[in-house]
1. For the stretch 67-116, what are the residues that are within 14 Å of Asn155 (Cα to Cα) and of a type in the set (S, T, N, Q)?
2. Just give me the residues in the stretch 122-164 being within 23 Å of the chain's Cα centre (by Cα) and of a type in the set (Val, Ile, Thr), in sequence order.
3. Yes or no: the stretch 110-126 includes at least one residue that is in a helix (DSSP H, G or I) and either among the polar types (S, T, N, Q) or in contact with a Phe, Trp or Tyr (Cβ under 6 Å, 6 or more places away or on another chain) (or both).
4. For Gly165, all conditions in the list (1) of a type in the set (Gly, Ala, Ser); (2) at pLDDT 95 or above; (3) assigned to a loop (DSSP other than H, G, I, E, B) hold save one; what is the number of the exception?
5. Quick one: in the stretch 119-145, which of the residues that are β-branched (Val, Ile, Thr) and within 16 Å of Gly102 (Cα to Cα) is surrounded by the fewest Cβ atoms within 10 Å (Cβ to Cβ)?
6. Do we find a residue being farther than 18 Å from Val161 by Cα and either touching a Cys at 6+ places or on another chain (Cβ under 7 Å) or modelled with pLDDT of 95 or more (or both) anywhere in the stretch 99-114?
7. Residues of the stretch 85-105 being assigned to a loop (DSSP other than H, G, I, E, B), out of contact with any Pro (no Cβ under 7 Å at 6 or more places or on another chain) and over 19 Å from Ala41 (Cβ atoms), which ones?
8. Starting from the stretch 132-153, keep only residues that are in contact (Cβ under 8 Å) with a residue 40 or more places away in the chain, then list their pairs with residues that are part of a loop (DSSP other than H, G, I, E, B) and of a type in the set (Asp, Glu) whose Cβ atoms are within a distance under 9 Å, requiring at least 6 positions of separation or different chains.
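The values are calculated or read from the model by the stated rules, or taken from the named source; none is laboratory data. Note that the coordinates shown come from a computational prediction; the quantities given were computed from them, not determined experimentally. Backbone-built Cβ (ideal geometry, glycine too); neighbour counts: all protein chains shown.
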Amino acid sequence: MQARRLIPAGLVAVGAVTVAAAYASGPGLKMGPEQQIKRPAFQGYYDGHKDTYLNTDVSSKAQATQMHVNYAPVLKSVPLKSAPEIYLVQGKAASGQLAVFGSEPGEPSYSPVWKETILRWKSGATPLLITSDTQIDSREKKGQLTETATAVRRNCPIVKVGKGGS
């Protein structure tokens, strides 16, 4: 049995820097040196769990101004059929309601470019917390919820996939 050798924490950091420097100078794609920035992150639901995403660009100039993100008119050229849906509730909503995704990384239909779909609870319906597109379909069939497709596309890459219940 070999004796285990512990490496001081400082050497681990130096090793990581050495690996990063080697990667940056290696035969791969040159993206430049890595930097850290602070950027707001949001959570949204996918199939009953929360994923973390960024909101960086939108094809609507008004929304870009309102949300302090980039206006990206070229996003309008992304075919709506190829973009998964991001559902946003407008008006009355259950406490804790977040955006709901129609896909996530690892799914064949995932893309960071989403087509925006607006959900509204019908008059007389009690808003429930919506955590999946299956729930949306069910509530629509029961006549409790309306879905309105828009021509807005947004670049909201999911950067962390959650697991299990919220």
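1. Matches in the stretch 67-116: Asn70, Ser77, Ser82, Ser103, Ser111.
2. Residues satisfying the conditions are Ile130, Thr131, Thr134, Ile136, Thr146, Thr148, Thr150, Val152, Ile158, Val159, Val161.
3. Step one: of the stretch 110-126, the residues in a helix (DSSP H, G or I) are none.
The answer is no; no qualifying residue exists.
4. Only one criterion is unmet by Gly165, namely (2).
5. In the first step, residues of the stretch 119-145 are kept if they are β-branched (Val, Ile, Thr); the result is 126, 130-131, 134, 136.
Subset that is within 16 Å of Gly102 (Cα to Cα): 130-131, 134, 136.
On the way: Ile130: 23, Thr131: 22, Thr134: 11, Ile136: 20.
Restricting to residues being β-branched (Val, Ile, Thr) and within 16 Å of Gly102 (Cα to Cα), the top hit is Thr134.
6. Initially, the stretch 99-114 is screened for residues farther than 18 Å from Val161 by Cα, giving none.
There is no residue in the stretch 99-114 that is farther than 18 Å from Val161 by Cα and either touching a Cys at 6+ places or on another chain (Cβ under 7 Å) or modelled with pLDDT of 95 or more (or both).
7. Here is the first cut: in the stretch 85-105, the ones assigned to a loop (DSSP other than H, G, I, E, B) are 90-98, 102-105.
Add one more test, that the residue is out of contact with any Pro (no Cβ under 7 Å at 6 or more places or on another chain), and what stays is 90-91, 95-98, 104-105.
Correct list: Gln90, Gly91, Ser95.
8. If the second residue must be part of a loop (DSSP other than H, G, I, E, B) and of a type in the set (Asp, Glu), the pairs left are Ser132/Asp47; Asp133/Asp47; Thr134/Asp47.
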